[in-house]
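Enquirer: Take a look at the following structure, please.
The values are calculated or read from the model by the stated rules, or taken from the named source; none is laboratory data. No experiment lies behind these values; they were computed from the predicted model shown. All Cβ positions, even for glycine, are placed from backbone atoms using ideal geometry, and neighbour counts span all protein chains on display. We work out accessible area using only protein heavy atoms, side chains counted, and drop any ligands, DNA or RNA first. Shrake-Rupley method; radii C 1.70, N 1.55, O 1.52, S 1.80 Å.
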Protein chains: 2
Amino acid sequence: MARSARAVAYEVLQRGIASGEYPPGSWLREEDVAAAAGVSRTPVREALHRLQAEGLVQILRNRGAVVVGWTARDLDDIYDLRVLLEGYGVRRAAQARENVDFDGLRAMCTEMELLLPGAAEPELQRIGGLCIDFHVTLNQASQNRQLIAIIPTLLATPFVREAFHHHTHHDLERAFAFHREILEALEEGDGEWAEGVMRAHLRAGRRSLRQMEQEQRTSDVGDPGRASA
Amino acid sequence: MARSARAVAYEVLQRGIASGEYPPGSWLREEDVAAAAGVSRTPVREALHRLQAEGLVQILRNRGAVVVGWTARDLDDIYDLRVLLEGYGVRRAAQARENVDFDGLRAMCTEMELLLPGAAEPELQRIGGLCIDFHVTLNQASQNRQLIAIIPTLLATPFVREAFHHHTHHDLERAFAFHREILEALEEGDGEWAEGVMRAHLRAGRRSLRQMEQEQRTSDVGDPGRASA
DNA sequence: AAACCCCTGATTGGATACAAGCGATGATCT
DNA sequence: AGATCATCGCTTGTATCCAATCAGGGGTTT
């Protein structure tokens, strides 16, 4: 078990934020997080800085880190960028098929499809992870270093990480079909096709999340966390 | 002078990398950098992590940080993304003109234009900084948090930071004209126009940098730094 | 002679100790 | 009473210290 303390702290924070243990607007005190993660403050600080880079927390000088809140606008913003960047990513991937890990990608597709029938919480969690991996792997084939660095950051946002939780069975089936079609387009080397499917896939995903956002909003207490200063 | 030690370390590293003091492939030992910056290792570590996030260095576990090298492909990759993202950014800005800091942007334009005639090294440096500020400010008007976080990272790459150094007088004049035209389009609220100008601006900029890359390549010792593992 | 293994030096990863800064509370003054 | 200012406590920022880990060199073995 050679996991670094920083990785432990990072995961504790990420899970805590995603699960609602650290709700938007709450302060993350280094000492507390360190105790919760069983490490010292040093790796916690590094994890917090990384989370700030990912936009999950905001660090105020000499005051600490606060969990940022997410609005429906943020969801739109993220998906705008995903459409642009991932569309570009698969277009580039289609132009360099030799970089595409078809075997790995197909394996992910298959596993997701097998998990879907009778999808309980743990399976859904696994599907969500696989879906993120799928997109990350896809973009790696673009061979664009900057893009490869940006995509995981975008996919680390709670919206994306928790997306599987808010999709219907039908949504997921459609998403999986899109995944397969993207691979098909890539095998053909048809970048336009691949990009089109990707854009459709992401737009559809955004639509599902938006609907659920609206439903949840009725029983919501407002927007406690969006720090603006 | 309330500058944090981390900021000092970060700037020392960034300057050192840009200036060639730390050439691609060289190792950045925390102790040495700490001594050079006049701080302790702790803030140096944090600065190195930030530079890794920006893609300027690569940190190998238990082995340290190595300066990454940049190839002509990286230049193309970065500008591909800039075209996509900054194009989107100004399009969005045109849809929300009230967020655009026209006064500030115009002031930057004016200062750049005034500095240009008789441009010695320090003036060019200032122009480069202003140009980056101009683009950052522009993208802030998009109000897309993720975009606002990504753009400075892209503009932190040596290619962009040193770009002014490799543009001809004529290149800069053209760039400044593009800047003015972008503002004009934004005032009209014409997102298509603004995006088109931005894309042209960036394509032209890339072209200039590419040419200079090729010229320099003749007297170059190869590619020592592009760490791939 | 070549390959392997252990040992050592150097460097990072992490923990602790100390200093500095911010915010809140409470006293004082108007 | 309201506002202002100083003080105190809590939290972060930085420095230093110790432990873990990797690379390289030298010796041994086959």
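Enquirer: Ignoring ligands, DNA and RNA, how much accessible area is buried between chains A and B, both sides summed, with a 1.4 Å probe, to the nearest 100 Å²?
Expert: Its buried surface, counting both partners, is about 2600 Å².
Enquirer: For residue B:71, what accessible area in Å² do you get when you roll a 1.4 Å probe over the heavy atoms of the protein chains, rounding to the nearest 10?
Expert: Here the residue's solvent-accessible area equals roughly 30 Å².
Enquirer: Given label points at 7 Å from Cα along Cα→Cβ, what nm distances, shortest first, separate residue A:41 from the same residue in every other copy?
Expert: Copy-to-copy label distances at residue A:41, shortest first: 1.9 nm.
Enquirer: If you don't mind, there's one more thing I want to ask. Largest first, please: the extent of the C-alpha atoms of chain A along each principal axis, to the nearest Å.
Expert: Principal-axis extents of the Cα atoms in chain A, largest first: 54, 43, 36 Å.
Enquirer: To the nearest 10 degrees, how steeply does helix B:72-94 sit against the main Cα axis of chain B, on a 0 to 90 scale?
Expert: 40 degrees
Enquirer: Also, I was wondering about something else. Which far-off residues, 5 or more places away or on another chain, put their amide H under 5 Å from the one on residue B:22, with H placed in the peptide plane?
Expert: When sequence neighbours closer than 5 places are left aside, the close amide H contacts are B:17.
Enquirer: Within 10 Å of each Cβ in B:204-210, how many Cβ atoms from other chains are there, averaged over the peptide?
Expert: Counting Cβ atoms of other protein chains within 10 Å of each residue's Cβ and averaging gives 0.
Enquirer: If contacts are Cα pairs under 8 angstrom and at least 6 residues apart, what is the relative contact order of the range B:47-164 in percent?
Expert: Once normalised by length, the contact order is 29 percent.
Enquirer: Further question on the same structure: So what are the ³J(HN,Hα) numbers for the range A:45-61, from phi and the Karplus equation (6.51, -1.76, 1.60; θ = phi - 60°), rounded to whole Hz, Gly and Pro as x?
Expert: Whole-Hz 3J(HN,Hα) from phi for the range A:45-61: 4, 5, 5, 5, 5, 5, 5, 5, 4, 7, x, 8, 10, 10, 9, 9, 4.
Enquirer: Calculate, in nm to one decimal, what residue B:190 and residue B:31 gain on full extension: separation in residues at 0.36 nm each, minus their alpha carbon distance.
Expert: 52.0 nm
Enquirer: Select from B:103, B:171, B:74 the residue whose mean-square fluctuation is largest in a Gaussian network model of chain B (Cα-Cα springs shorter than 10 Å).
Expert: Top of the fluctuation ranking is B:103.
Enquirer: Once you charge only the Cβ atoms, +1 for Lys and Arg and -1 for Asp and Glu, what is the size of the charge dipole of chain A about its Cα centre, to the nearest 20 debye?
Expert: 880 debye
Enquirer: In addition: Which ³J(HN,Hα) values in Hz, rounded to whole numbers, follow from the phi angles of the range A:177-194 under the Karplus curve 6.51 cos²θ - 1.76 cosθ + 1.60, where θ = phi - 60° and Gly and Pro get x?
Expert: 4, 4, 4, 4, 5, 4, 4, 4, 4, 5, 4, 6, x, 9, x, 4, 4, 4
Enquirer: From the protein chains alone at 1.4 Å, what is the descending order of accessible area for B:182, A:17, largest first?
Expert: A:17, B:182
Enquirer: Another question, then. Going by accessible area, probe 1.4 Å, with all protein chains left in place, what is the ranking of B:91, B:3, largest first?
Expert: Result, largest first: B:3, B:91.
Enquirer: Assume the label is 7 Å from Cα along Cα to beta carbon: what separations in nm does residue B:96 have to the matching positions in the other copies?
Expert: When each copy's label point is compared with this one, the spacings are 3.4 nm.
Enquirer: If you plug each phi of the range B:25-30 into the Karplus form 6.51 cos²θ - 1.76 cosθ + 1.60 with θ = phi - 60°, what whole-Hz ³J(HN,Hα) values come out, in order, with x for Gly and Pro?
Expert: Taking θ as phi minus 60°, the curve returns x, 7, 8, 9, 8, 4 Hz for the range B:25-30.
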